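Structure, as structure tokens:
Please treat every number below as a calculation from the coordinates, not as lab data. Computed from a predicted structure; not experimentally measured. Ideal geometry is used to build each Cβ from the backbone, glycine not excepted, and the neighbour counts take in all protein chains shown.
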Amino acid sequence: MGDWQITIPFRDREDLVLDAITAARGSQLREDEVQVVDVLARDALERGVTTVGELLDELGQLDRSETRRRLDWAREKAGLISATEADRRREDAKFERELERLQPPPPPRWSPLQGCPAGGCNARPMTPEGGWREVEINRWWCPSHRHLAGPDDFQPHESPYLGIGLNGQLIASEKEKARIAEWMNQQQEEQEREREQREELRSREGEAIKEAKERYADEGEISVMGIRTRPDLTVIE
């Protein structure tokens with residue numbers, strides 16, 4: 001969720017509520033934030049709230065979800081997209097960038113003409129006339145093997161794509177987004193495990209090198225003009 005908040009600029013809590021609009025226009029707020037203040041101040045006045053302090057107290061009593069709903073309402077009233085919708089679009093854009101970078105595997109293949117997937121079973125859904133009947137479920141199992149079905153096998157099949165966007169890319173369904181998000185999480189977890197393994201290997205290598213240096217300093221020997229010494233030039237008796 002984005003870092004959204006409602007900011008009401010003011011000089012004095014006793015200022016008239018409409019003075020908050022003037023204060024907002026002279027502040028460092030973005031134009032969309034000024035529009036939100038305008039909507040909230042005018043709405044407050046219509047409800048009998050006359051001072052900035054009363055409006056601030058009213059807003060201060062809202063919890064996080066109520067504040068978000070009030071902000072969404074004010075933005076939509078001002079002709080802007082809601083904060084919730086802006087967050088969703090931001091997440092969708094991030095999702096699309098990740099898709100381009102990671103290139104996840106395509107969705108499982110599906111056909112309305114199915115046969116029982118149980119090993120060695122050749123059963124198919126048939127029409128009363130004996131023809132091969134099309135199905136609209138995820139996976140069809142014959143009566144003898146229904147107990148092998150997964151929890152979603154007999155659920156209506158949903159297409160992974162809803163259409164084509166203005167950019168020419170396929171629009172993924174919520175189910176397909178969830179599948180890809182799970183795949184992305186698995187990739188990130190795998191990358192994290194590989195990183196931890198590399199760090200552990202480097203740590204072990206560093207310890208082995210340190211141990212070898214210490215052992216050489218304690219046990220190794222060199223000869224200086226025929227005199228046996230340790231690497232630190234301590235004479236060996």
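Are there cysteines in the chain with no second cysteine's Cβ under 4.7 Å away, and if so, which?
If one checks each Cβ against the other cysteines of the chain, every cysteine finds a neighbour under 4.7 Å.
For K175 and R69, what is the calculated FRET efficiency with R₀ set at 25 Å and r taken between the beta-carbons, to the nearest 0.05?
Values: r = 27 Å, r/R0 = 1.09.
That gives a FRET efficiency of 0.35.
So what is Rg over Rh here for region 1-87, counting just Cα atoms and using Kirkwood for Rh? Kindly include the intermediate steps, with their values, before the conclusion.
Values: Rg = 12.2 Å, Rh = 12.9 Å.
So for region 1-87, dividing Rg by the Kirkwood Rh gives 0.94.
For the chain, which DSSP H helices look membrane-span-like by this rule: Cα extent along the axis of 18 Å or more and mean Kyte-Doolittle of at least 0.0?
none
What is the packing order of peptides 22-28, 137-143, taking the mean over residues of other C-beta atoms within 10 Å and listing the highest first?
Working: 22-28: 15.0, 137-143: 17.1.
By packing density, highest mean first, the sequence is 137-143, 22-28.
Quick one: among A74, A118, A172, which has the greatest mean-square fluctuation in a GNM of the chain with alpha-carbon springs under 10 angstrom?
A118
Going 7 Å from the Cα of R13 toward and past its Cβ, which residues in region 44-78 have a backbone nitrogen under 11 Å from where you end up?
It comes to 52-58, nothing else.
Given the peptides 144-150, 79-85, arrange them by the average over their residues of other C-beta atoms within 10 Å, most packed first. Don't skip to the end; give the middle numbers.
Numbers: 144-150: 12.4, 79-85: 15.9.
The densest-packed peptide leads the list: 79-85, 144-150.
Evaluate the distance, in nm, between pseudo-label points positioned 7 Å from the Cα of E200 and of M126 along their respective Cα→Cβ axes.
5.6 nm
Just one of (i) 20.4; (ii) 19.4; (iii) 26.0 is Kirkwood radius over Cα pairs in Å as worked out from the coordinates here. Which one is it?
Here the calculated entry is (iii).
With runs of 4+ DSSP H residues as the only contributors, calculate the mean residue ellipticity of the chain at 222 nm using -39,500 (n - 2.57) per run, divided by the residue total and rounded to the nearest 500.
On the way: 6 runs with 112 residues, N = 237.
Per the formula, -16000 deg cm²/dmol.
If I stretch the segment between N185 and D57 completely, what's the gain in nm (0.36 nm per residue apart, minus their alpha carbon distance), one decimal?
On the way: separation 128, 0.36 × 128 = 46.08 nm, distance 4.25 nm.
The span from N185 to D57 would gain 41.8 nm if fully extended.
From Cα pairs below 8 angstrom and at least 6 apart in sequence, can you work out the relative contact order of region 9-86, rounded to a whole percent? Don't skip to the end; give the middle numbers.
Working: 82 pairs, mean separation 24.8, N = 78.
Once divided by the residue count of region 9-86, the mean separation gives 32 percent.
Could you name the aspartates and glutamates whose alpha carbon sits less than 17 Å from that of K77, not counting residues in the same chain fewer than 8 places away?
E31, D32, E33, D38, D43, E46, E66, E85
Build a GNM of the chain with springs between Cα atoms under 10 Å: which of K77, K210, K177 gets the top mean-square fluctuation?
K210
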